[in-house]
Amino acid sequence: MAASTRDRDPGPRILEEEEEPPQDGPGGRLSVISKLCYSLGGAPNQAASSAAAFYLQLFLLDVARIPAAQASLVLFAGRLSGAAADPAAGFLVSRSPRTRLGRLTPWILGCSPFLGLTYFLLWFLPPVGRLRALWYGAFYCLFQALSTLLQVPYSALTMFLTRDQQERDSATAYREMTMEMAGTLIGATAHGLIVAGAHEAPACPEANLTAPPPSPASGAPPHTSQRYMIAAGVVAGTYPLCAALLALGTSEEDDLGGLQRRGLPFLQGLGHTLRHQPYQRLVAAFLFISAAVQVQQSYLVLFCTHAAPLHSHTQNLVLLVLVAAVLSTPFWEWFLLRVGKKSAACGIGAMVPSALLLAAVPTAPVAYSVAFVSGASIAVASLLPWSMLPDVVDDFRLQRLPLKDLETIFYSSYVFFTKLSGAAALGISTLSLDFAGYESGACKQSEQAVLALKVLIGAVPTSMVLLGLAILSAYPITEQRRQETARKLDVLRKEVSTPGPPVPAEPRVEPQL
């Protein structure tokens with residue numbers, strides 16, 4: 001009876017919890033240093049992805065002078081390899097043993113140096129003539145695969161930094177609005193400034209308008225390729241440095257480790273995640289929205305160069321898009337917390353009229369206005385899914401408590417589907433340029449190619465955004481449901497992590513001789 005009374009008495013536990021100061025880590029609030037170190041881990045990948053999104057297509061068509069059909073295959077194969085690597089990354093990471101650094105951090109440290117080297121070789125101009133498409137296809141596939149092996153554990157690390165939902169949202173905001181946005185801004189801006197001199201305004205003498213385009217084997221002048229290699233080297237050097245800082249400043253722990261949970265085979269776990277309705281709606285919505293963002297980024301530079309009198313404004317427009325994204329991210333983070341995550345999707349809808357306006361009226365004042373609005377829309381489109389995914393995972397964990405190690409499958413399969421949609425969108429759109437008669441390295445493009453660029457910068461992203469927003473309107477996790485899920489998980493964690501008062505040992509009785 002005395003023992004059962006002690007078990008029911010919460011007094012010693014409450015006193016002990018009240019006297020214990022707040023801890024930094026999985027059990028409490030995260031320090032600013034931890035959030036900054038965590039956000040640093042994704043900065044190089046964002047810088048590389050941003051530079052590739054804006055300039056890789058231009059590099060392949062006008063510097064390497066690969067035909068548009070081959071460039072389409074390179075972009076599609078690379079994105080497809082990245083998408084195919086996502087389930088493999090989710091499987092490998094979920095089956096990795098837990099080390100002193102955790103289960104996710106070793107993957108980030110191991111992939112970083114190889115990823116930097118691969119990114120540098122992606123912008124190298126090899127002296128292999130017409131076989132350059134194979135070179136860029138191979139290294140773009142390798143870059144996308146290694147990028148996935150880094151991004152999947154890095155994204156899933158959010159779930160293991162802390163069990164507090166607001167702190168996870170705060171860490172996501174640090175990642176999105178500080179280092180990743182800074183990486184995106186610095187990557188595209190530094191790359192653009194370094195290679196700006198390589199793309200002078202085209203001058204097309206009347207006598208040369210009918211001249212055939214340069215041979216693909218000739219490539220661009222040497223100073224052009226050297227500028228691209230310098231820009232790539234700057235980004236590549238940041239990969240191992242930022243990975244080391246992430247490992248030093250963060251720690252990971254399974255906050256539900258005290259529960260008796262069972263693992264599942266990868267395919268069975270993937271089936272459980274794909275049958276979760278909130279996850280289905282989230283993935284389907286951002287499958288179209290992320291593809292729209294990728295298409296608009298990829299064709300902005302080409303549109304300004306060949307379909308509008310905006311060649312001299314190209315670098316400024318790219319910079320304005322990124323600056324607007326960085327400056328608007330704190331506002332969208334405040335909006336997410338105060339108004340709700342589903343309501344923040346209205347910011348993505350601003351991309352629709354801006355894209356149509358740029359295609360219809362490609363003048364400098366309109367272009368700068370559209371660039372600012374597009375940057376704000378891209379910010380919320382980037383922030384929203386990564387803020388919603390932890391809520392989806394928590395909702396799943398509450399319903400399927402006996403299951404474990406499925407967090408990385410959620411993140412890897414989400415990235416898989418968004419990359420697959422981006423691969424299809426970019427591959428088909430670039431192939432449409434070839435059908436429209438786009439000539440690599442040509443001084444002036446045909447009217448059909450110009451029309452294709454206008455459709456790709458306006459109508460295509462508009463239709464995909466509208467379809468994605470229609471699906472997102474049926475997303476079932478409301479603010480009330482999210483808060484109720486957080487409350488129930490907090491109660492469960494306290495039951496798991498709070499030990500009872502120590503039972504006094506029985507006095508030892510020495511035997512009498």
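The values are calculated or read from the model by the stated rules, or taken from the named source; none is laboratory data. None of the values given here were measured: they were computed from a predicted structure. Cβ: placed from backbone, ideal geometry, glycine included. Neighbour counts: every protein chain shown. Ligands, DNA and RNA are excluded from the accessible area calculation, which covers all protein heavy atoms including side chains. Shrake-Rupley method; radii C 1.70, N 1.55, O 1.52, S 1.80 Å.
Consider region 314-348. How many of its residues are touching a helix residue (DSSP H, G or I) at 6+ places or on another chain (Cβ under 6 Å) and within 21 Å of Gln297 (Cβ to Cβ)? Talk me through it step by step, then tell me what you get.
Residues of region 314-348 touching a helix residue (DSSP H, G or I) at 6+ places or on another chain (Cβ under 6 Å): 314-315, 317-322, 324-326, 328-330, 332-333, 335-336, 340-341, 344-345, 347-348.
Then drop every residue that is not within 21 Å of Gln297 (Cβ to Cβ), which leaves 314-315, 317-322, 324-326, 328-329, 332, 344-345, 347-348.
Total meeting the criteria: 18.
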| message | For a quick check of your reading of the model, give me the residue pairs whose first member lies in region 115-140 and is over 15 Å from Pro67 (Cβ atoms), whose second is not in a helix (DSSP H, G or I), with beta-carbon atoms closer than 8 Å and at least 6 apart or on different chains. | response | Gly116/Gly237; Leu125/Ala64; Leu125/Gly219; Leu125/Ala220
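Look through region 314-350, keep the residues that are touching a Gly at 6+ places or on another chain (Cβ under 6 Å) and of a type outside the set (Val, Ile, Thr), and return whichever of them is most open to solvent (accessible area, probe 1.4 Å).
Taking region 314-350 first, the residues touching a Gly at 6+ places or on another chain (Cβ under 6 Å) are 315, 318, 321, 324-325.
Subset that is of a type outside the set (Val, Ile, Thr): 315, 324-325.
Working: Gln315: 59, Ala324: 2, Ala325: 4 Å².
My answer is Gln315.
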| task | Answer with yes or no whether Pro353 is assigned to a loop (DSSP other than H, G, I, E, B), open to solvent by 20 Å² or more (accessible area, probe 1.4 Å) and more than 27 Å from Phe416 (Cβ to Cβ). | result | no
| Within region 297-304, is even one residue in contact with a His (Cβ under 8 Å, 6 or more places away or on another chain) and either within 30 Å of Gln399 (Cα to Cα) or at pLDDT 85 or above (or both)? | yes
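Residue under question is Arg130, and the condition is that it be within 24 Å of Val380 (Cβ to Cβ) and basic (Lys, Arg); does it hold?
Working: within 24 Å of Val380 (Cβ to Cβ): no; basic (Lys, Arg): yes.
No, not satisfied.
Among the residues of region 176-198, write down those that are touching a Gly at 6+ places or on another chain (Cβ under 8 Å) and modelled with pLDDT under 75.
Step one: list which residues in region 176-198 are touching a Gly at 6+ places or on another chain (Cβ under 8 Å), which gives 179-180, 183.
The answer is Met179, Glu180.
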| query | What number of residues within region 328-373 satisfy the criterion of being within 20 Å of Gln46 (Cβ to Cβ), modelled with pLDDT under 90 and not β-branched (Val, Ile, Thr)? | reply | 8
| Considering residues of region 69-109 that are open to solvent by 30 Å² or more (accessible area, probe 1.4 Å) and outside any helix (DSSP H, G or I) only, the residue farthest from Tyr438 (Cα to Cα) | Arg100
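Does Leu398 satisfy the criteria of being open to solvent by 40 Å² or more (accessible area, probe 1.4 Å) and in contact with a Ser or Thr (Cβ under 9 Å, 6 or more places away or on another chain)? First the steps, then the outcome.
Numbers: open to solvent by 40 Å² or more (accessible area, probe 1.4 Å): yes; in contact with a Ser or Thr (Cβ under 9 Å, 6 or more places away or on another chain): yes.
Yes.
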| message | Quick check on my filter: what residues within region 147-157 are surrounded by fewer than 23 Cβ atoms within 10 Å (Cβ to Cβ) and either modelled with pLDDT under 75 or in contact with a Ser or Thr (Cβ under 6 Å, 6 or more places away or on another chain) (or both)? | response | none
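Across region 275-305, what is the number of residues that are farther than 15 Å from Leu317 by Cα and open to solvent by 10 Å² or more (accessible area, probe 1.4 Å)? Quick ask: steps written out before the conclusion?
Going through region 275-305, the residues farther than 15 Å from Leu317 by Cα turn out to be 275-295.
Checking the rest, the ones that are also open to solvent by 10 Å² or more (accessible area, probe 1.4 Å) come to 275-277, 280-281, 283-284, 287-288, 290, 293-294.
Counting residues in region 275-305 that are farther than 15 Å from Leu317 by Cα and open to solvent by 10 Å² or more (accessible area, probe 1.4 Å) gives 12.
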| Among the candidates Ser387, Ser382, Ser328, Ser377, which residue alone is under 22 Å from the mean Cα position of the chain (by Cα), part of a helix (DSSP H, G or I), within 20 Å of Tyr55 (Cβ to Cβ) and polar (S, T, N, Q)? | Ser382
| Criterion: more than 25 Å from Thr408 (Cα to Cα), touching a residue at least 60 places away in the same chain (Cβ under 8 Å) and aliphatic (A, V, I, L, M) - qualifying residue of Ala71, Ala77, Ala83 | Ala71
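Considering each of Phe160, Phe143, Phe91 in turn, give the residue that is closer than 30 Å to Leu267 by Cβ and in contact with a strand residue (DSSP E or B) (Cβ under 8 Å, 6 or more places away or on another chain).
Values: Phe143 fails: in contact with a strand residue (DSSP E or B) (Cβ under 8 Å, 6 or more places away or on another chain); Phe91 fails: in contact with a strand residue (DSSP E or B) (Cβ under 8 Å, 6 or more places away or on another chain).
Answer to the selection: Phe160.
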